[in-house]
1. Scan the stretch 215-266 for residues that are basic (K, R), crowded, with 17+ Cβ neighbours inside 10 Å and assigned to a helix (DSSP H, G or I) and jot them down.
2. Hey, could you check the stretch 24-46 for residues that are over 20 Å from the mean Cα position of the chain (by Cα) and surrounded by 15 or more Cβ atoms within 10 Å (Cβ to Cβ) and say which is nearest to S295 (Cα to Cα)?
3. For the stretch 77-127, name all the residues that are within 16 Å of the ligand (Cβ to nearest atom), over 16 Å from V261 (Cα atoms), assigned to a helix (DSSP H, G or I) and in contact with a Leu (Cβ under 8 Å, 6 or more places away or on another chain).
4. Just checking, which of A305, A270 is over 18 Å from A48 (Cβ atoms), modelled with pLDDT of 95 or more, part of a helix (DSSP H, G or I) and more than 16 Å from the ligand (Cβ to nearest atom)?
5. Which of (1) within 13 Å of the ligand (Cβ to nearest atom); (2) among the polar types (S, T, N, Q); (3) out of contact with any strand residue (DSSP E or B) (no Cβ under 8 Å at 6 or more places or on another chain) is the odd one out, the single condition Q204 does not satisfy?
6. State whether one or more residues within the stretch 51-63 are touching a Pro at 6+ places or on another chain (Cβ under 9 Å) and surrounded by 11 or more Cβ atoms within 10 Å (Cβ to Cβ).
7. Mind listing whichever residues of the stretch 141-182 are within 16 Å of the ligand (Cβ to nearest atom) and touching a residue at least 60 places away in the same chain (Cβ under 8 Å)?
Amino acid sequence: MLDALSLLPDDPILGLAAVCRADDNPKKVDLTVGIYMDESGVCPVFDAITQAQARLVSQETSKAYLPPAGVEGFNPGMQKLVLGENSTALADGRVSSIQAPGGCGALRIGAEIIQAASPGAKVWVSDPTWPVHIPLLGSVGLQFSTYRYYDAETHGVNFEAMMEDLKGAASGDIVLLHGCCHNPCGADLSQEQWKIIGDMAEAQGFMPFIDIAYQGLGDGLDADAAGLRQLAERLPEMIIAASCSKNMGLYRERTGCTLFVGKNAESADALLSQAKVAARRVYSMPPAHGALLASAVLSDPELTASWQSELHAMCARINGLRSDLVEKLQASTGRDFEFIRAEKGMFSFLGLSGDQVQALRDDYSVYMLGSSRINVAGVNARNIDYLADSIAKVL
Ligand SMILES: Cc1ncc(COP(=O)(O)O)c(C=O)c1O
C-alpha cells in the first residue's frame, strides 16, 4: 500500500536553502529562508531568552504534560503583546487563546475552528501569499479565493484592486490578512487601508483571520500590530495566529498562539474549548520549552526590556539594510530600487525574471527564491557590494 506513494520534491524554499548550504563558493549569498541573520550571518539567540533558559534549566523539576491551553502565563502575555495593553476587547473579556506549535500550528488551529464552525468555508488569500498558507489551511478542508494585492509594476499594494476583489467576500467568508511585514512582498497596508478593510468586514460580514509572524520587525511591536488592533476593537469576531519564531528567535522551539476575539466572554470561552479539542485531535499538547521562555520574557520587566531593546536593534538593522541596498543597487544598476526602502520586514521582491534569478544562482552563487523574493536580513556589510554587482551583471 505505502509503495504507491511516490518520491516528492523537497519544499521549494527549504530545498533551495539546502542547495545553497552545499555550495562551496566562499562568496555565496543566502537570501532564501525567512530567518533573521545578524552581521556575521548567524541567527542569534536573544540575550533575554538565554537568561530565561538558564533560569529554567536550573529550576525545572518536571517534564510532565502541559495543560491543553499551554503554559500558564503564556496566553495572557501573548494577548497583551498582540492586542495591546489597552485593548477594549481584552478588557471586555471577549478574548481567549491557546498556545500552539509555532505560527504554523496557530494557523492550523485557527483553520480547524473555522472548519468546525463552517465546513468548507471560503478563505480569501492575497495574491501572492506565503506558499504554506494554502496547504496548511486547505488540508483542513477550507476553500480558497484570491484577492489581488501586490502590483509588480508599482512595487506596492494595489489597494483599489484588493477592494474590488474583496467586494466579493460574503458573510461567512474569511479574509486572511498578513498583520505586518507581508511575506513574500514586504508591502503593507496603511492604517487608513486597515480602516477600510474594517468597514468592509462590518458591512459585508466577512471575518478577518490575521497571520502575524513578524510583529516587531517592521516598525516596532505596537506599530506592527496597529492594523489588527483596529479590527479587534470594532469587529465582533476574528482569529489571529501569532508566532514567536522571528520576534523572539524561538524558531525551532515551535512557539505560537491562536487568539480568538469573540462576540462576548461566553463565545471566547466556547472557542477556547473547541480549540483544546482540535489540538487534542491533531497533536494533543503543545511543546513546553519555547513557551516557558516566552512567558518568562513577557512577565519579567527586566527580561522584557532586554528583549525589546534587542528586537528594536534588529528592526533598525533591517531598515538600515534596506536603505543600504537601495543605495548600492541604484549605484550599480542605475535603476530605481527605492521601493525596497518603503517595504517592511524581512522580505522584498527585487523584480528580477526567473532567468535572472537562475543566472544569479548559477554564475554568482547568490540564492533567492525564484520569484526574486529576498530575505533582507541575509545581507551584510561583507556581501552587499558583491550582491549589488552580481545583480547589476544579470540585469
Ligand atoms: C507569513 C508567515 N506566517 C506564519 C509563519 C509561521 O512561522 P512558524 O511556524 O515558524 O512560527 C511564517 C514563517 O515563515 C510566515 O512567514
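1. Selection gives R229 alone.
2. Checked the stretch 24-46; the qualifying residue nearest to S295 (Cα to Cα) is V29.
3. Within the stretch 77-127, C104, R108 qualify.
4. Numbers: A305 fails: over 18 Å from A48 (Cβ atoms).
Testing whether each residue is over 18 Å from A48 (Cβ atoms), modelled with pLDDT of 95 or more, part of a helix (DSSP H, G or I) and more than 16 Å from the ligand (Cβ to nearest atom) leaves just A270.
5. (1)
6. No, because not a single residue in the stretch 51-63 is touching a Pro at 6+ places or on another chain (Cβ under 9 Å) and surrounded by 11 or more Cβ atoms within 10 Å (Cβ to Cβ).
7. Residues satisfying the conditions are Y150, I174, G179, C180, C181, H182.
The rows are residues; the columns are (1) among the small types (G, A, S); (2) under 30 Å from C20 (Cβ atoms); (3) touching a strand residue (DSSP E or B) at 6+ places or on another chain (Cβ under 6 Å); (4) surrounded by fewer than 19 Cβ atoms within 10 Å (Cβ to Cβ).
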residue	(1), (2), (3), (4)
P68	no, no, no, yes
A100	yes, yes, yes, no
G103	yes, yes, yes, no
A116	yes, no, no, yes
S145	yes, no, yes, yes
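The values are calculated or read from the model by the stated rules, or taken from the named source; none is laboratory data. Note that the coordinates shown come from a computational prediction; the quantities given were computed from them, not determined experimentally. Backbone-built Cβ (ideal geometry, glycine too); neighbour counts: all protein chains shown.
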